[in-house]
Amino acid sequence: MIRILEPYIPLCPEHPEQVYLVCPPALRTWAEQVEDFELVKVDLAAGEQLKPEFLAINPFAEIPVLEWGDFHLYESRAIARYIAEKFKEQGPENFLGKTLEERAVVYQWIESESHQFNDSAFSPWVMEYYLAYYEEKRPVREEVIAPLRARLEKFFDRVEARLSKSKFLAGEYYTMADMNIAPSLWHIMNFEPELITSRKHVKAWYEILTSRPTFKKMLEADAGWPLL
Amino acid sequence: MTLIVHGAPYSTCTQRILATLVELNVEDYKIEFVDLRKGVHKSPDFLKLQPFGQIPVLQDGDITIFESRAIVRYLCEKFAGQGTPLLGKTVKDKALVSQWLEVESQNYNPAASLIVREKVFAPRMGAPSDESVVAAQTPKLEKTLDVYEAHLAKSKFLAGDFFSLADLSHLPYTNLLVNAAGKSDLISSRPHVSAWWNAISQRPAFQKVLAMAKQ
């Protein structure tokens with residue numbers, strides 16, 4: 001039985017470590033391939049991830065973690081790759097590309113999401129929104145958000161240009177590159193929808209990604225997720 | 001069919017590619033030098049190759065790939081079976097290599113590259129170093145290195161007892177931290193990290209890349 005250790009967030013304002021929730025939860029969308037898994041909640045507010053039992057499986061004290069018997073794996077993108085390879089007969093066709101060359105392009109967009117989007121823009125941007133709305137109950141600081149928004153705009157301009165030539169990021173098929181970014185796009189629609197809706201191809205792509213049954217299943221699992 | 005690496009041998013991310021090519025015993029490639037100092041990477045022609053205006057870029061026949069960590073994965077798959085088995089031998093090996101590649105990318109590189117930018121790149125370009133950035137990033141890198149120290153006490157290399165792409169990915173920036181940024185104490189103060197660094201940096205492939213960087 002595969003177990004995924006993921007955050008339980010009761011949104012208690014006294015615990016700023018809840019910002020861990022911004023880790024891209026690509027994990028639940030890999031339900032594309034695996035049906036038989038169990039979600040185990042890790043209580044971040046209670047500091048469960050800092051306890052020795054958790055540190056023994058992930059010394060970086062981060063979620064998610066995959067547990068399968070004795071085998072443990074952390075880092076959501078590494079987990080997604082492992083699942084894709086282990087269960088490649090199931091799930092979406094060409095999820096990582098059909099040929100070596102297609103795989104290279106999928107990998108390229110996975111890295112672009114990670115570096116040009118997530119680390120440098122989305123992650124600090126969404127953290128500011130969550131801190132403002134849920135932790136500190138204050139307005140968003142425009143001097144923090146403005147440069148991050150500018151980077152997001154730049155990234156989406158490039159994605160818009162890309163999607164004017166191909167249906168999905170890596171080509172004509174839905175791949176892990178699209179999967180990895182989908183949950184973050186949903187957060188963006190929550191806070192600043194015009195980043196997506198003002199771009200014709202990005203908007204159409206967003207609609208396809210979020211109408212996939214597995215994406216909807218992920219949202220149900222998150223019922224009670226605080227929407228504004 | 002020749003591989004073309006668009007980049008600069010002195011540049012960290014290009015070195016990730018070059019080290020991989022040498023480890024895989026690939027000789028049929030050429031380097032197309034991109035002169036960053038002249039801003040070639042921001043020119044319209046280059047932006048057609050790489051829309052984010054960054055090096056390196058790999059061209060292999062009809063295909064063009066950017067992002068160094070994607071390029072090196074592609075090379076490992078393309079040349080599987082030759083040279084050093086950088087992705088390990090089993091599906092689990094590969095998963096652990098992926099895990100530590102993500103750790104390098106998410107937990108190590110952000111702090112390391114910001115320190116190197118202030119201590120090495122800024123002076124080279126005649127710009128002032130922002131010591132407040134170094135002061136903010138050093139404790140983060142120390143925290144990560146503490147985890148590495150505990151891990152490397154039990155594991156010869158990051159993903160197991162074999163040298164992998166995960167170890168290799170650390171080479172370019174750590175080399176600058178130790179040999180140019182004045183931050184060698186971060187490594188030398190941690191015995192297992194230090195032993196690991198010596199083992200991976202002394203590999204002939206990386207020594208060859210450093211020699212290429214000097215030309």
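The values are calculated or read from the model by the stated rules, or taken from the named source; none is laboratory data. Being a predicted model, the structure only gives us computed values, none of them experimental. Because the Cβ atoms are built from the backbone with ideal geometry, glycine has one as well, and the counts that use them run over all protein chains shown. Quick note on the areas: whole protein, heavy atoms, side chains included, nothing else; ligands and nucleic acids left out. Shrake-Rupley method; radii C 1.70, N 1.55, O 1.52, S 1.80 Å.
Using a 1.4 Å probe and counting only protein heavy atoms, how much accessible surface gets buried when B and A come together, both sides summed, in Å² to the nearest 100? Each step should come with its number before you reach the end.
Numbers: alone 10660 and 11210 Å², together 18960 Å².
Looking at B and A, the buried total is near 2900 Å².
Given region A:66-172 reduced to its alpha-carbon atoms as identical point scatterers, what log10 I(q)/I(0) does the Debye formula return at q = 0.15, 0.16, 0.20, 0.21 Å⁻¹?
Computed log10 I(q)/I(0) values: -0.84, -0.91, -1.07, -1.11.
Express in % the proportion of alpha carbon pairs of chain B at distances exceeding 33 Å.
Numbers: 3109 of 23005 pairs.
Roughly 14 percent, rounded to a whole number.
Could you pull out the GluC sites (Glu not before Pro) across region B:1-56 that fall in loop regions by DSSP (anything but H, G, I, E, B) with no more than 14 other Cβ atoms inside 10 Å? Write down the numbers at each step before the final one.
Working: sites: B:GLU23, B:GLU27, B:GLU32; in loops: B:GLU27.
Counting only loop positions with at most 14 other Cβ atoms within 10 Å, the GluC sites (Glu not before Pro) in region B:1-56 are B:GLU27.
Give me a comma-separated list of calculated 3J(HN,Hα) values for region A:119-125, in order, Karplus coefficients 6.51, -1.76, 1.60 applied at θ = phi - 60°, integers in Hz, x for any Gly or Pro.
5, 8, 9, 4, 4, x, 5
Using a 1.4 Å probe on the protein chains only, how many percent of the accessible area of region B:77-148 belongs to carbon and sulfur? Present the calculation step by step, with values, prior to reporting the outcome.
Details: 1850 of 3270 Å².
Heavy-atom surface of region B:77-148 belonging to carbon and sulfur, 1.4 Å probe: 57 percent.
Accessible area of region A:104-228 with a 1.4 Å probe: how many percent of it is carbon plus sulfur?
Working: 2900 of 5190 Å².
The C+S portion of the solvent-accessible surface of region A:104-228 is 56 percent.
Which whole number gives the average count of other chain Cβ atoms within 10 Å of the Cβ atoms across peptide B:88-96? Show your work: numbers first, answer last.
Details: counts 0, 0, 0, 3, 5, 0, 4, 11, 5.
If you average over the peptide's residues, the count of other-chain Cβ atoms is 3.
Calculate, for A:GLU194 and A:ILE2, the FRET efficiency according to 1/(1 + (r/R0)^6) with r their C-beta to C-beta distance and R0 45 Å; round to the nearest 0.05.
Working: r = 38 Å, r/R0 = 0.86.
Working from the Cβ atoms, E equals 0.70.
Once ligands and nucleic acids are excluded and a 1.4 Å probe is used, how much of A:TRP125 is accessible, expressed in Å² to the nearest 10?
Estimated to the nearest 10 Å², A:TRP125 gives 0 Å².
Name the lysines eligible as straight-distance cross-link partners of A:LYS200: C-alpha to C-alpha under 30 Å, and not fewer than 8 places from it in the same chain.
Leaving aside lysines fewer than 8 places away in the same chain, those within reach of A:LYS200 are A:LYS98, A:LYS154, A:LYS165, A:LYS167, A:LYS216, A:LYS217, B:LYS42, B:LYS48.
Go through region A:46-61 residue by residue and turn each phi into a ³J(HN,Hα) via Karplus (6.51, -1.76, 1.60, θ = phi - 60°); whole Hz please, and just put x for glycine and proline.
Using θ = phi - 60°, the values come out as 8, x, 4, 6, 9, 7, x, 5, 6, 4, 5, 9, 9, x, 8, 6 Hz.
Can you work out the FRET efficiency for the pair A:ARG149 and B:ALA150, with r the C-beta to C-beta distance and R0 = 45 Å, to the nearest 0.05? The partial results should precede the final answer.
On the way: r = 39 Å, r/R0 = 0.86.
In this case the efficiency is close to 0.70.
In Å², and per residue, what accessible area does region A:72-186 have when probed at 1.4 Å with the other protein chains present? Present the calculation step by step, with values, prior to reporting the outcome.
Values: 4380 Å² over 115 residues.
Using a 1.4 Å probe on heavy atoms only, each residue of region A:72-186 averages 38 Å².
So which residues of region A:73-96 lose at least 10 Å² of accessible area, probe 1.4 Å, when you go from the chain by itself to every protein chain present?
Checking the loss per residue gives A:LEU73, A:TYR74, A:GLU75, A:ARG77, A:ALA78, A:ARG81, A:TYR82, A:GLU85, A:LYS86.
Any lysines with Cα under 20 Å of the B:LYS214 Cα? List them, leaving off those in the same chain fewer than 8 positions away.
Straight-distance partners of B:LYS214: B:LYS30, B:LYS38, B:LYS119.
Using a 10 Å cut-off on Cβ to Cβ distances, tally the other chain neighbours for every residue of B:65-75 and report the average as a whole number. Could you put the intermediate results ahead of the total?
Numbers: counts 7, 5, 11, 2, 6, 12, 4, 1, 8, 8, 1.
Average neighbour count from other chains, rounded to a whole number: 6.
For A:LYS41, list long-range residues whose amide hydrogen, built 1.01 Å from N in the peptide plane, is under 5 Å from its own amide hydrogen.
Amide H neighbours of A:LYS41: A:GLU6.
Principal axis extents for region B:97-215, Cα atoms only, whole Å, descending order, please.
Rounded to whole Å, the extents work out to 42, 34, 25 Å.
Is there a quick way to get the dipole size of chain B? I mean about its Cα centre, with the Cβ of Lys and Arg at +1 and of Asp and Glu at -1; what is the value in debye to the nearest 20? Don't skip to the end; give the middle numbers.
Values: 24 positive and 22 negative charges, 34 e Å.
Here the size comes out at about 160 debye.
Treat the protein assembly as shown as a sphere of radius equal to its Kirkwood radius over Cα pairs and apply Stokes-Einstein at 37 °C in a medium of 0.692 mPa s; give the translational diffusion coefficient in µm²/s, rounded to a whole number.
On the way: Rh = 22.7 Å.
So the translational diffusion coefficient is about 144 µm²/s.
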